[in-house]
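Chemist: Just passing along the structure, written as structure tokens.
What follows is calculated from the coordinates using simple rules that are stated; it is not laboratory data. Computed from a predicted structure; not experimentally measured. So basically every Cβ, Gly included, is an ideal-geometry build from the backbone, and we count neighbours across all protein chains shown.
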Amino acid sequence: MRFDVLTLFPELFAPLMASGVTRRAYESKQVEVVLWNPRDFAQGNYKRVDDRPFGGGPGMVMMAEPLSACLDAALAARGAEAPVVLFSPIGEALRHESVERWSASEGAVLVCGRYEGIDQRFIDTRVTHQISLGDFILSGGEIAAMALLDAVARLQPGVLGDEASHVQDSFNPALDGLLDCPHYTRPEQWNGQGVPAPLLSGHHVQIERWRRDQRLAITAARRPDLIAAARDAGRLSKADETELKKKL
């Protein structure tokens, strides 16, 4: 798949693509990332990409023309139309289900806004999808774009050391959409704290029941909406419901 990223700060993406286990996805071109700077498509000696907002107010607004020309170049290089994604507070919240859809797609063009925002006319005519990381504001869309790229890259075959690793992630359908359980490693004693006995038992059924109970307890405490969704989908067993009643 291919992601074209429109950003005024392409240098921010170099560490992402060269670090950690997900670099395998970029090195192998399983996830190809092509960076485009709208400033390269701006007019005049100063290559201006922003201007003051009509109606007054603080900050600057990214101009539609350089962004549109940059987008045209990216789409031409792809050789086909593609989704155009803007990271925005009004966008759909990025969740595991949508990450899975993007990870199975042919990619998209990712638009990273800056300053007070982007001229609405560009959004209305060129953007097909809007995505939000949550109810907070970043200095630009680059971090959000990197979050999507990283989430997509780690789902590609062969990227993680253990193919089953992402299956045990929080929100994964394999865990019925629940949060993950706590994890422990050596030493067995650390600062006077031990490892829960079931994990040392060697009894696989007991271990899995403990992990399931922990997932239920943590999800019920932190994200009861996920418990409700799992229940509505018929994913909770009688043993699950019994464990949840103990927590009430």
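Chemist: On a 0 to 90 degree scale, rounded to 10, what angle separates helix 64-78 from the longest Cα axis of the chain?
Modeler: The two axes meet at around 70 degrees.
Chemist: Continuing with the same structure: Can you bin every Cα-Cα distance in segment 1-104 into 5 Å intervals starting at zero and give me the percent of pairs per bin, rounded to whole numbers?
Modeler: Result, from short to long distances: 2, 10, 15, 19, 21, 15, 9, 5, 2, 0 percent.
Chemist: Please state the equivalent ellipsoid semi-axes for the chain: what are the square roots of 5 times the Cα gyration tensor eigenvalues, largest first, in whole Å?
Modeler: 43, 20, 17
Chemist: For segment 97-195, just the Cα set please: Rg and Dmax, both in angstrom.
Modeler: 18.7, 61
Chemist: Nearest 20 debye, what's the magnitude of the dipole of segment 1-125 about its Cα centre given +1 on Lys and Arg Cβ and -1 on Asp and Glu Cβ?
Modeler: Magnitude of the dipole: close to 280 debye.
Chemist: Quick check on the chain: of the DSSP beta bridges with both residues there, what percent are antiparallel, nearest 5%?
Modeler: The antiparallel proportion sits near 15 percent.
Chemist: Report, to the nearest 10°, how far helix 204-222 tilts away from the longest principal axis of the Cα atoms in the chain, using its own Cα long axis and a range of 0 to 90°.
Modeler: For 204-222 against the chain, the angle is about 50 degrees.
Chemist: Right, next: Which translational diffusion coefficient, to the nearest whole µm²/s, is obtained for segment 208-248 from the Stokes-Einstein equation, given a Kirkwood hydrodynamic radius over C-alpha pairs, 37 °C and 0.692 mPa s?
Modeler: 326 µm²/s
Chemist: Charges at C-beta only: +1 for Lys and Arg, -1 for Asp and Glu. How large is the resulting dipole of the chain about its Cα centre, in Debye rounded to 20?
Modeler: 580 debye
Chemist: Considering the Cα trace of segment 138-248, what is its radius of gyration and what is Dmax, both in angstroms?
Modeler: Computed over the Cα atoms of segment 138-248, radius of gyration and Dmax are 16.9, 50 Å.
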